[in-house]
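No lab work stands behind these numbers, since they all come straight from the coordinates. Computed from a predicted structure; not experimentally measured. Virtual Cβ from ideal backbone geometry, glycine too; neighbours counted across all protein chains shown.
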Amino acid sequence: MTKIITKNWGVKDSHLLSVARANGVYSNLERVLKTPIAPKDVVEAVKKSGLRGRGGAGFPAGMKWSFVPQNTGKPIYLCVNADESEPGTNKDREILERDPHLMIEGALIAAWAIGCRTVFFYIRGEFDLPERRIRAAAEEAMKAGIVGDNVMGSGWSCDFIVHRGAGAYICGEETGLISSLEGGRGEPKIKPPFPAVKGAFGCPTVVNNVETLCAVPWIIEHGGEAYAKIGTEKSPGTKVISVSGRVKRPGNYEIPLGYGLKDLIDNECGGMQDGYRLKAVIPGGSSVPVMKPEQVATLKLDYESCQAHGTFLGSAGCIVVDHTQDMVKLLHVLARFYSHESCGQCTPCREGTGWAYRILTKIVQGRGTKKDIDTLRSLTQQMDGATICALASALVMPVQSFLKQFPEEFEAKVQETVPA
Amino acid sequence: MTVSSSTLKLAPEAEARIDDLQRRYPTKAATLLPVLWEIQTQVGWLPQEWMAYAAARCEVPVSKVLGVVSFYTMFHQEQPGRHHVQVCRNISCTMLGAEAILACVREKLGVTNGGRTADGKFSLEEVECLAGCSWGPVVQINRTYHENMTPEKTAQLLDSLE
């Protein structure tokens with residue numbers, strides 16, 4: 001299987017500049033700048049590749065870049081989204097630990113393509129080693145003339161600033177990230193205007209996920225067509241999947257899109273741990289609908305197959321649920337999470353996530369009634385799509401799918417009427 | 001807009017880092033998170049007088065600083081213990097045994113979520129996903145990740161801290 005994002009992970013000290021250069025990192029940036037390959041041609045190659053945003057939304061990256069107006073006279077910003085915090089997902093963290101220079105190379109090629117002179121690298125506050133690695137890499141690259149003034153002697157300059165978050169899931173949402181970067185609370189903003197037109201500091205801004213940008217150097221080297229040949233027609237390329245739960249070998253695996261979820265669990269992950277049976281999988285991070293084993297058997301890890309199964313690829317954080325788990329309890333954990341992380345701007349989300357959490361608390365404690373399950377269902381129907389960002393829907397999807405897929409577990413925990 | 005003044009100063013290297021960032025960011029207000037991090041790294045938490053310092057340094061109202069500080073879970077308005085023990089309680093860690101780890105920490109330290117031991121050595125915070133799901137349960141102490149934890153390993157870890 002072709003490795004694009006993780007190709008250097010097996011190399012000792014792959015995070016150091018000397019090793020990265022021996023691995024070919026920065027050779028594509030050099031080619032872009034020295035040929036030079038015109039920014040519009042870089043955008044065109046990425047468009048042709050079909051590369052889609054790897055943070056969760058799956059928006060075509062080349063198209064996002066092409067929305068940036070080049071004639072406003074304002075600076076253009078690139079924000080790298082390294083605020084990885086979708087439960088079940090730990091891929092960006094390992095990318096940054098193992099190949100931070102590839103990340104920087106991808107970001108600089110993207111910056112060149114969109115006409116950006118300042119890259120903001122937004123990294124989640126909890127990350128320790130990934131932050132040290134990206135800061136050390138940026139400093140090494142700056143000293144070597146790769147980042148900053150006159151990049152690789154090309155006359156083109158681009159600053160690279162690491163901006164540390166401080167603990168807020170919502171800052172992974174691109175407009176929440178921008179609010180946080182501007183020095184505020186990480187509150188998402190109403191779209192339109194989209195960031196490409198009016199983003200950070202009121203200027204055109206592209207926000208790209210770490211993994212998305214790490215695919216760009218390969219696309220420059222091999223061409224958009226070559227990338228488009230990997231994976232499926234509508235979901236080209238590779239994807240790093242994080243697998244957690246009771247499988248024998250949990251971790252991050254780079255697979256061509258379209259790879260079978262069951263194959264990933266059985267082959268790469270070595271199957272379930274002894275004594276544990278597969279009960280369910282949440283394939284795209286905690287925000288997407290849960291799948292039962294019969295669906296897992298036919299689900300392919302690409303955007304279309306996931307949708308055909310009624311779920312999403314999302315951030316590709318595959319949460320493998322074993323037979324010992326209590327689905328009501330797990331949903332209770334998720335409701336607490338989304339309630340805790342709601343920024344509070346929109347009433348349906350602020351009140352709805354808290355209400356769902358309180359109902360689930362009642363049910364988990366054995367104080368729930370059948371009516372509570374109905375309330376949970378109708379409440380989440382009303383929350384869906386009624387807010388500035390997708391956080392409310394990110395709880396709606398697990399609630400509705402857990403209720404639909406495992407109704408018996410909820411019913412077993414509630415009573416007909418309020419206990420005396 | 002009222003901007004406060006402050007006579008406080010961070011260590012010279014931290015002041016220099018802030019000066020450097022304020023040259024590179026488009027606005028001074030945008031350096032608020034970096035400034036708050038510099039303060040918390042040096043002072044250990046964010047006392048009110050230091051929030052006023054941040055307001056002056058970034059040319060924003062103190063109320064805005066408090067709004068920002070209270071929004072993010074990692075900014076402390078009270079002094080945490082020397083070892084701030086953060087236990088992930090999200091879905092993957094829960095499946096892998098986070099509850100037993102939490103019970104162990106609560107019992108060993110005699111504190112609950114948000115609490116600090118009387119000697120100021122430890123504080124406990126139940127946190128959301130730390131992006132260590134594949135290697136859960138995860139415990140983070142100050143900045144260091146400890147993965148694949150068990151109650152036994154957690155107890156040993158707490159005992160080993162000075």
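Miscellaneous remarks
- Karplus-derived HN-Hα couplings along the stretch A:304-313 (A = 6.51, B = -1.76, C = 1.60, θ = phi - 60°), whole Hz, x at Gly and Pro: 6, 4, 4, 5, 5, 8, x, 9, 9, 6
- By the Cβ distance rule (another cysteine Cβ under 4.7 Å), the unpaired cysteines of chain B are B:CYS58, B:CYS104, B:CYS129, B:CYS133.
- Relative contact order [Cα under 8 Å, 6+ residues apart], the stretch A:327-411, whole percent: 36
- Links that overshoot a 28 Å alpha carbon limit, given the list A:LYS64/A:LYS239; A:LYS189/B:LYS28; A:LYS191/A:LYS279; A:LYS47/A:LYS248; A:LYS91/B:LYS28; A:LYS3/A:LYS404: A:LYS191/A:LYS279; A:LYS47/A:LYS248; A:LYS91/B:LYS28; A:LYS3/A:LYS404
- Averaging the Cα positions of each part gives two centres, and for the stretch A:131-149 and the stretch A:351-420 these lie 48 Å apart.
- Phi angles of the stretch A:172-181 translate, via the Karplus equation with coefficients 6.51, -1.76, 1.60 and θ = phi - 60°, into HN-Hα couplings of x, 6, 4, 7, x, 4, 5, 4, 5, 4 Hz per residue; Gly and Pro are given as x.
- Centre-to-centre, using Cα atoms only, the stretch A:187-236 and the stretch A:298-344 are separated by 24 Å.
- Structure-based [θ]222 nm, chain B - -39500 (n - 2.57) summed over DSSP H runs of at least 4, per residue, nearest 500: -13500 deg cm²/dmol
- Summed residue charge, Cβ within 14 Å of A:LYS143's Cβ, Lys/Arg positive, Asp/Glu negative: -1
- Amide H within-cut-off set for A:GLY260, under 5 Å, with H built and near neighbours excluded: A:LEU301
- In range of the label at A:ILE190: residues from the stretch A:340-358 whose backbone nitrogen is under 18 Å from the point 7 Å along Cα→Cβ: A:343-350
- Most mobile listed residue (A:ALA215, A:ALA297, A:ALA356) in chain A, GNM with C-alpha springs under 10 Å: A:ALA297
- Label-point gap, in nm, between A:TRP156 and A:VAL19 - each point 7 angstrom along Cα→Cβ: 2.9
- Chain A: most fluctuating residue of A:ASP322, A:ASP92, A:ASP374 per GNM, C-alpha cutoff 10 Å: A:ASP374
- Gain upon complete extension [A:THR35, A:ARG358; 0.36 nm per residue less C-alpha separation]: 110.2 nm
- Summary value for the stretch A:1-141: 32 percent relative contact order, contacts being C-alpha pairs under 8 angstrom separated by 6+ residues.
- Full extension of the chain between A:PHE59 and A:GLU294 gives 81.7 nm of extra length, using 0.36 nm per residue less the Cα-Cα distance.
- Summary value for chain A: 16 percent relative contact order, contacts being C-alpha pairs under 8 angstrom separated by 6+ residues.
- Amide H within-cut-off set for B:ILE141, under 5 Å, with H built and near neighbours excluded: B:GLN86, B:HIS146
- A simple rule links phi to the HN-Hα coupling: the Karplus curve 6.51 cos²θ - 1.76 cosθ + 1.60 with θ = phi - 60°, which for the stretch A:330-338 gives 5, 5, 4, 4, 5, 5, 4, 4, 5 Hz, with x for Gly and Pro.
- Anisotropy class of the stretch B:1-144 from Cα gyration tensor, a/c 1.5 cut: prolate
- Amide H contacts of A:LYS239: A:ILE255, A:LEU257, each under 5 Å away and 5 or more positions distant or on a separate chain (H built 1.01 Å from N in the peptide plane; Pro and chain starts excluded).
- Choice from A:PRO75, A:PRO87, A:PRO36 with maximal GNM fluctuation in chain A (Cα, 10 Å cutoff): A:PRO36
- On full extension, the segment bounded by A:GLU304 and A:GLU351 gains 13.6 nm, given 0.36 nm per residue less the C-alpha separation.
- Here chain A carries DSSP beta bridges of which approximately 45% are antiparallel, counting only pairs with both residues inside.
- Nitroxide proxy distance, nm - points 7 Å out along Cα→Cβ at A:GLN381 and A:ASP326: 2.9
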